[in-house]
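The structure appears below as structure tokens.
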Ligand code: SF4
């Protein structure tokens, strides 16, 4: 396993995060925590995940909890599931 998260396809335990543009206030905490995966657009001051990057799920979840405006959520996990799918599955199992 490598620490280089650029240009890799999703592996088990890796995740992509999604930024809610309406909630992001551009503080840049995510970029500070994961400079190789997150960037704040200079013009719009809105963060996004850099194309082609993934993070280990644990680190992606840390971004979710550390974002001061709750703008970050988990997107794809292991290349197939979205948090919405997970919620749906959980609901179906109840
Ligand atoms: S930490 Fe949250 S509010 Fe700050 S730039 Fe990143 S997504 Fe936006």
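Bear in mind these aren't lab numbers, they're just calculated from the coordinates by the rules spelled out. Model, not experiment: these values are computed from the prediction. In this analysis, Cβ positions are derived from the backbone assuming ideal geometry, glycine residues included, and neighbour counts consider all displayed protein chains.
Here are the numbers:
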| item | result |
| --- | --- |
| Region 11-28, subset in contact (Cβ under 8 Å) with a residue 60 or more places away in the chain and crowded, with 18+ Cβ neighbours inside 10 Å, residue farthest from the ligand (Cβ to nearest atom) | 14 |
| Residues (more than 8 Å from the chain's Cα centre (by Cα) and not in a loop (DSSP other than H, G, I, E, B)) located in region 44-66 | 47, 48, 53, 56, 57, 58, 59, 62, 65, 66 |
| Residue list for region 29-43, restricted to those being in contact (Cβ under 8 Å) with a residue 24 or more places away in the chain and either part of a helix (DSSP H, G or I) or within 8 Å of the ligand (Cβ to nearest atom) (or both) | 29, 30, 33, 38 |
| Matching residues, region 46-69, being within 8 Å of the ligand (Cβ to nearest atom) and either under 14 Å from residue 16 (Cα atoms) or surrounded by fewer than 20 Cβ atoms within 10 Å (Cβ to Cβ) (or both) | 46, 47, 63, 66, 68, 69 |
